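Below is one structure; the comments refer to it alone.
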Amino acid sequence: MTLSKALQGDTAAQEYLIFRLGDEEYGIDILKVQEIRGCDRATRVPNAPDFLTGVTNLRGVIVPIVDLRVRFSLQVVHQNENTVVIVLNLSDRIVGIVVDGVVDVLSLDHEQIKPTPDVSAALSSRYLLGLGVVDNRMMILVNIEKLLSREELDAMDAVTDALA
């Protein structure tokens, strides 16, 4: 089922948390967000995948921290006062993602979501929902549950299980 067909049956707007990576804005389903935290120091785990910057202890739960700049193959920059970790509740796991800053929460209806053009092999279309368009503003909408492959999730689980 295509995005537009899936959205046609749903007339209600969906809320997205909009965050920044570099000069681009991205959106994720607000219902996946557990909390937004300052970017605390993560404990680096030896031999972990590059995108996994480390783990942190969040009220007794070991949470893997994914750097979206690394995951999206963007230039890595030093963290600053705007850098935050968005803690997500993804099915049966808690994951943190490091982003350059949170911008907004927007409600988008299906008419404001356009299909993603197939122009870049760097951004796998498996985790892109489309482009949110509000006035002259455009956001890349990400299906955060599909961002990491099964193998990458298994590697993260192995790291957190070993530390638990």
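The values are calculated or read from the model by the stated rules, or taken from the named source; none is laboratory data. These numbers come from a predicted model, not from an experiment. For neighbour counting, all protein chains shown are included, and Cβ atoms are generated from backbone atoms with ideal geometry for every residue, glycine included. Just the protein is used for accessible areas: all its heavy atoms, side chains included, with ligands, DNA and RNA removed. Shrake-Rupley method; radii C 1.70, N 1.55, O 1.52, S 1.80 Å.
All of Val70, Val134, Val85 fail the test of being surrounded by 15 or more Cβ atoms within 10 Å (Cβ to Cβ), touching a strand residue (DSSP E or B) at 6+ places or on another chain (Cβ under 7 Å) and in contact (Cβ under 8 Å) with a residue 12 or more places away in the chain, apart from Val85.
Filter segment 1-19 down to the residues that are at pLDDT below 95 and either not small (Gly, Ala, Ser) or not in a helix (DSSP H, G or I) (or both) and list them by number. Of everything in segment 1-19, those that are at pLDDT below 95 and either not small (Gly, Ala, Ser) or not in a helix (DSSP H, G or I) (or both) turn out to be Met1, Thr2, Leu3, Lys5, Leu7, Gln8, Gly9, Asp10, Thr11, Ala12, Ala13, Gln14. The number of residues in segment 23-35 that are farther than 17 Å from Arg93 by Cβ, touching a residue at least 24 places away in the same chain (Cβ under 8 Å) and not β-branched (Val, Ile, Thr) comes to 4. One residue is enough: does segment 39-54 have a residue meeting the conditions among the small types (Gly, Ala, Ser) and out of contact with any strand residue (DSSP E or B) (no Cβ under 7 Å at 6 or more places or on another chain)? The answer is yes, given that some residue of segment 39-54 is among the small types (Gly, Ala, Ser) and out of contact with any strand residue (DSSP E or B) (no Cβ under 7 Å at 6 or more places or on another chain). Across segment 137-164, the qualifying residues are those that are at pLDDT 85 or above and among the hydrophobic types (A, V, I, L, M, F, W, C), and the one among them that is most open to solvent (accessible area, probe 1.4 Å) is Met138. Taken as a whole, the condition of being buried (at least 20 other Cβ atoms within 10 Å of the Cβ), touching a residue at least 12 places away in the same chain (Cβ under 8 Å) and under 21 Å from Glu152 (Cα atoms) does not apply to Ile94. Got a number for residues in segment 101-135 being polar (S, T, N, Q) and modelled with pLDDT of 90 or more? Total meeting the criteria: 2. Contact map, segment 36-62: first residue touching a residue at least 60 places away in the same chain (Cβ under 8 Å), second residue acidic (Asp, Glu) and not in a loop (DSSP other than H, G, I, E, B), Cβ cut-off under 7 Å, separation 6 or more or different chains; pairs are Pro49/Glu152; Phe51/Asp67. For Gln79, the conditions (1) polar (S, T, N, Q); (2) open to solvent by less than 70 Å² (accessible area, probe 1.4 Å); (3) closer than 22 Å to Glu24 by Cβ; (4) out of contact with any helix residue (DSSP H, G or I) (no Cβ under 7 Å at 6 or more places or on another chain) all hold with the exception of (2).
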